[in-house]
Structures are given as C-alpha cells and as structure tokens.
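The values are calculated or read from the model by the stated rules, or taken from the named source; none is laboratory data. Quantities reported herein were computed from a predicted structural model and do not represent experimental measurements. All Cβ positions, even for glycine, are placed from backbone atoms using ideal geometry, and neighbour counts span all protein chains on display.
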Amino acid sequence: MDTRILNTKKKVTNTLLVLLETQHIEDITVLELCEKADINRTTFYKYYKDVDDLVLKIENSLINDLKQSITEIKRNYLISFTGNILDTICTRKETYTRLLGENGDHTFLRRILRLVYNESIEEWQKLLKKASREDLDKIYSFIVDGSVGIIRNWIKNGCQDDPKNIAIFINKICMSGLSSFI
C-alpha cells in the first residue's frame, strides 16, 4: 500500500483515539475527525463510510492480530486467551484502552472474548460431563460477561496490575464455577 495512504489512515486512527479521551464514540463526527486530523472529508470517505466503519476496521485489524496469536493455544482456550488478551492490551495500551474504555465500543471486548467460543465449548464438553450444551453456553456467557467487567475495571484503573495476575484471578473464578459440573 502507498505510504501516503498508510500515513493518512494512521493519522485518522490516531485522531480518533485522541478524541476518545474526551468524547463518546457515538458523539464523534466525520467533520470533527477530519478537522482534527487535518484531512479532507473526501479523503476520509475514500477509505471509510463513516466513523462506525473506521472503528470497525480498527477493531477487525486488532481481532485479526489476536486470531494469529490464538493458533498456538492448545488447551484452556478461554482462560489462556484471556491472558493473551491482557498481554496484548498492555503492549498496545493506548489503542486498546481507548477503544475498550468508557468512551469506546462496549461490544468490542465481548467480540474478542467470543473468538474462542467453539474451542472452549468443545473442550468443556469433554471435561464437564454433568453439563449440557445449554449449560455450557450459559457458562461461557457468564464467564465472558464477568471477564469483561474485570478487564474493564483493570483498564479503568490504568492497567496497573500485572496482566498475569488479572488472568490468574479470572482463571480462579472460572475454575471454581466450572468445577461444579465435573
């Protein structure tokens, strides 16, 4: 891709992240984004339909990066993946904390955590003999929603705790809940 295009897209992305510090994602307009990024709206519309499309493309790019990293996970999919997510958030802290923070996209973290749904359910079906498929689906939803709350709180507090400690904490909660179905 042309360097100018990459620079323009990077400028737009960075401007969006700066705006997310003070504004809810729904309140950011194309006009405001273009003015702050010092680009023409025509240029913006050449690459994106609207602000939501920009956000979706950024999130999809981040999700694709995470998909690459989960190919190495062989067991405890959701639990291992959660640790992986926390490490990734720390390495790209500015991007993730703004997209996942108060003003960001509240569905993004759930989308990330749903990436290993099928693998987790298959693994749990082998281990949790007392659980039906419906039970496993409910367990997964419960774990995802609880993890979202813990991770959002961790982000809100500036990601100060070691990501491994947060992953271990989430793992403990998950394992204690899952153990009743063994």
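Okay, here's what the table says:
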{"item": "Tally of residues being crowded, with 16+ Cβ neighbours inside 10 Å and among the polar types (S, T, N, Q) across the range 107-121", "result": "1"}
{"item": "Output for the range 48-58, where each listed residue is in a helix (DSSP H, G or I), farther than 16 Å from His24 by Cα and in contact with a Leu (Cβ under 8 Å, 6 or more places away or on another chain)", "result": "Ile58"}
{"item": "Only one of Leu56, Leu78 that is surrounded by 13 or more Cβ atoms within 10 Å (Cβ to Cβ), closer than 20 Å to Gly101 by Cβ and of a type in the set (A, V, I, L, M)", "result": "Leu56"}
{"item": "Single residue of the range 57-85 satisfying the filter (at pLDDT 90 or above and aliphatic (A, V, I, L, M)) that is farthest from the chain's Cα centre (by Cα)", "result": "Ile58"}
{"item": "Selection from the range 146-167 of residues that are in contact (Cβ under 8 Å) with a residue 60 or more places away in the chain and more than 17 Å from Gly104 (Cβ to Cβ)", "result": "Pro163, Lys164, Ile166, Ala167"}
{"item": "Pair list, Cβ under 7 Å, 6 or more apart: the range 77-106 residue part of a helix (DSSP H, G or I), other residue of a type in the set (D, E, K, R)", "result": "Tyr77/Glu119; Tyr77/Glu123; Gly83/Lys164; Arg98/Glu21; Leu99/Glu59; Leu99/Asp105; Leu100/Arg152"}
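Matching residues to (1) modelled with pLDDT under 90; (2) more than 30 Å from Lys10 (Cα to Cα); (3) in contact with a Leu (Cβ under 8 Å, 6 or more places away or on another chain); (4) surrounded by 11 or more Cβ atoms within 10 Å (Cβ to Cβ):
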site: Glu123; (1), (2), (3), (4): yes, yes, no, yes
site: Tyr140; (1), (2), (3), (4): yes, yes, yes, yes
site: Ile143; (1), (2), (3), (4): yes, yes, yes, yes
site: Gly146; (1), (2), (3), (4): no, yes, no, yes
site: Trp154; (1), (2), (3), (4): no, no, yes, yes
site: Phe181; (1), (2), (3), (4): yes, yes, yes, yes
